Amino acid sequence: MKSFIEYIVSIFKGLWTLLIGMKVTGKYFFTPWKNVTQQYPENREKLVMFERFRGEVIMLHNENNEHSCNGCGICEINCPNGSIEIISKSILTADGKKKRIIDQHIYHLGMCTLCNLCVKACPSGALAMGQNFEHAVWDRSLLTKVLNQEGSTIAENVKEE
Amino acid sequence: MSEIKEIMFNSDRLATDEYLVNMGPQHPSTHGVLRMLVKLEGEKVLNIQPHIGYIHSGIEKMCEAISYPQIIHLTDRMDYLSAHMNNEAVALCVENALQVEVPERVKYIRTIMDELARLASHQLWWCVMGMDLGALTTFFYGLRDREMILDIFEETCGARLTVNYNLPGGVMFDIHPNFQKRVKDFITYFRKKLPEYDQLLTGNVIFRERTEGIGHLSLADAIAYGVTGPSGRASGFSNDLRKHQPYSAYPLVKFNEILDHRCDTLARYEVRMKEMHESLSIIEQLIDNIPEGDYAVKMKSVIKLPEGEFYQRVETARGEFGVYIVSDGKKNPYRVKFRSPGFSNLFALNNMAKGHKIADLVAIMSTLDLVIPDIDR
Ligand code: SF4
Ligand code: SF4
């Protein structure tokens, strides 16, 4: 008889614990404005990422289409994945000297782990992390980018290599 | 009809065979690509043989070809839920080898980040633990709160999981101006939400029936298998490196090492729940007292370790994580070995789950809190 009563009591105790749990879920059911789901593709316009968010490596250009990369290759050495290739070319400066400058700063986004080491290592602060995170493309080759924009030149005040 | 009767009462024909079932590598409750060869008799588990290596990425070998600051971005990817602690282990190991003393500020930041990561990891574990036992709701509640920690990480470190924040000699960036406020907001918020966790799952009768007395791991076995972290502490194995071998700012804070002697699944669950409270109190003690100073010491651009062997261990959310570096004086390590907690914890599973039902196996595995890349690495 005693064990039977214990059995009945345990059933009600068990039900009570379930009700306590349902109280929590019920509370949110009736206060839907406390929900936190982001409607992602719809809120694209308003979605602002944090300023330090690492989405991709970009090269900073000013309004005159000038960057501050002198082609030293330090970022290439510092990248653990070989995602950066520096192709430099030599030009003749106005006073007749030979000078090596950056031709193409090639960046393979598909191989990049967004570790920030290249940005940190760059002595002239030419690189930065961009906030764009929508990187899906149809073809893998589109993930290889040239970071110095077409027709861009090196800014005046950058110290030489 | 007579045939059925014969089968039912003729025990010879009803005799069950032992049979082998593959659990995984694509099983939702193995939390990754883990395959277990389970020997069953009916529903009873007789033996478990884990087969690992499905996502082996050769991180230890890769480390031999890259420099010390570059190793850190790989340790993120082993136990991605304890990325901060893994990074810190490598950073501390290199700092100790070079005998670099980092500024106090760095120690404080590292400790706060560690505890936040531990909280985030335990929250996710709690979500998944509920989900494995059939309580899908917990998943949403846990992730909702974890989001706040990930936002803190994103704002200060620039990434949510693979943070790559610790460097030999300091941290990557200084803390964000909003950092302290956000963390304090989170603590007040989460203090209110933790009782909800208990109401939802801890007290639940179904949950308790399925965890109490299940998956017994004795103290002797826990030590023999090297089960560390909360799983070991639930067997009474006092192994918290934050207490026994304090690093960073842990010597400065007061907290309790949570021990439990019940050795079962429920004990492992409750140890983790209590650890969340401890983590909150550790962060609270530190967050207002972050000293001014540099966030990193200037290191040489090429870091070379002196010849020799170096070892550093830290407490991650899963247990003891060790980094063993053999250096021959070059800028790359000669050999790197990681001691990952998940690997040792996994192999105690057979001992715990033997004799239980296959559904209990899922519960026991949940409380081990396995992260597969941590095991395979
Ligand atoms: S981006 Fe910076 S580190 Fe890389 S080549 Fe240009 S100047 Fe050198
Ligand atoms: S972020 Fe890291 S992986 Fe990506 S290009 Fe820079 S150094 Fe290489």
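A few points about this structure:
- Enumeration of residues in region A:90-117 that are more than 13 Å from ligand 1 (Cβ to nearest atom) and of a type in the set (Lys, Arg): A:LYS97, A:LYS98, A:LYS99
- Any hit, region A:12-29, residues being surrounded by fewer than 11 Cβ atoms within 10 Å (Cβ to Cβ) and either in contact (Cβ under 8 Å) with a residue 40 or more places away in the chain or more than 13 Å from chain B (Cβ to nearest Cβ) (or both): no
- Residue list for region B:128-138, restricted to those being within 12 Å of chain A (Cβ to nearest Cβ) and part of a helix (DSSP H, G or I): B:GLY130, B:THR137, B:THR138
- Counting only strands (runs of 3 or more DSSP E) wholly contained in region A:52-113, the ones carrying 2 or more residues that are within 14 Å of chain B (Cβ to nearest Cβ) and either buried (at least 17 other Cβ atoms within 10 Å of the Cβ) or among the acidic types (Asp, Glu) (or both) occupy A:56-59.
- Reported count of residues in region A:87-114, each being within 21 Å of the chain's Cα centre (by Cα) and either more than 30 Å from B:LEU161 (Cβ to Cβ) or in contact (Cβ under 8 Å) with a residue 40 or more places away in the chain (or both), is 6.
- Subset of region B:252-270 [part of a helix (DSSP H, G or I) and within 21 Å of B:THR202 (Cα to Cα)]: B:THR265, B:LEU266, B:ALA267, B:ARG268, B:TYR269, B:GLU270
- Hey, A:ILE86 β-branched (Val, Ile, Thr) and near ligand 1 (Cβ under 10 Å from one of its atoms) or not: yes
Yes or no, residue by residue, for (1) surrounded by 15 or more Cβ atoms within 10 Å (Cβ to Cβ); (2) within 12 Å of another protein chain (Cβ to nearest Cβ); (3) among the charged types (D, E, K, R):
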site	(1), (2), (3)
B:MET148	yes, yes, no
B:GLU155	yes, yes, yes
B:ARG182	yes, yes, yes
B:ARG191	no, no, yes
B:THR202	yes, yes, no
B:ILE206	yes, yes, no
B:GLU209	no, yes, yes
B:GLU212	no, no, yes
B:PRO230	yes, no, no
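- Residue match in region A:11-29 (condition: in a helix (DSSP H, G or I) and closer than 30 Å to A:ILE102 by Cα): no
- Scanning region B:71-98 for residues that are surrounded by fewer than 20 Cβ atoms within 10 Å (Cβ to Cβ) and within 14 Å of chain A (Cβ to nearest Cβ) turns up B:ARG77, B:TYR80.
- Count - residues of region B:37-57 that are within 14 Å of chain A (Cβ to nearest Cβ) and over 14 Å from B:SER340 (Cβ atoms): 0
- Contacts under 7 angstrom Cβ, first residue in region B:16-32 being modelled with pLDDT under 75, partner surrounded by fewer than 16 Cβ atoms within 10 Å (Cβ to Cβ) and not aliphatic (A, V, I, L, M), 6 or more apart: B:THR16/B:GLU41; B:THR16/B:GLY42
- The number of residues in region A:118-143 that are within 14 Å of chain B (Cβ to nearest Cβ), within 11 Å of ligand 1 (Cβ to nearest atom), small (Gly, Ala, Ser) and within 14 Å of A:LEU60 (Cβ to Cβ) comes to 1.
- Criterion violated by B:ALA317 - all others in (1) surrounded by fewer than 19 Cβ atoms within 10 Å (Cβ to Cβ); (2) assigned to a loop (DSSP other than H, G, I, E, B) satisfied: (1)
- Residue check, A:ILE86 in contact with a Cys (Cβ under 7 Å, 6 or more places away or on another chain) and within 16 Å of ligand 2 (Cβ to nearest atom): no
- Helices (runs of 4 or more DSSP H) fully within region B:338-377 counting 1 or more residues that are within 13 Å of B:LEU133 (Cβ to Cβ), modelled with pLDDT of 85 or more and aliphatic (A, V, I, L, M): B:358-368
- Residue among B:MET276, B:MET299 that alone is touching a residue at least 60 places away in the same chain (Cβ under 8 Å) and touching a His at 6+ places or on another chain (Cβ under 6 Å): B:MET276
- Within region B:232-268, if we keep just the residues that are among the hydroxyl-bearing types (Ser, Thr, Tyr) and under 21 Å from B:SER281 (Cα atoms), the residue that is surrounded by the fewest Cβ atoms within 10 Å (Cβ to Cβ) turns out to be B:SER238.
The values are calculated or read from the model by the stated rules, or taken from the named source; none is laboratory data. All values derive from a computational prediction rather than experimental measurement. Cβ coordinates were reconstructed from backbone atoms using ideal geometry, including for glycine residues, and neighbour counts include every protein chain displayed.
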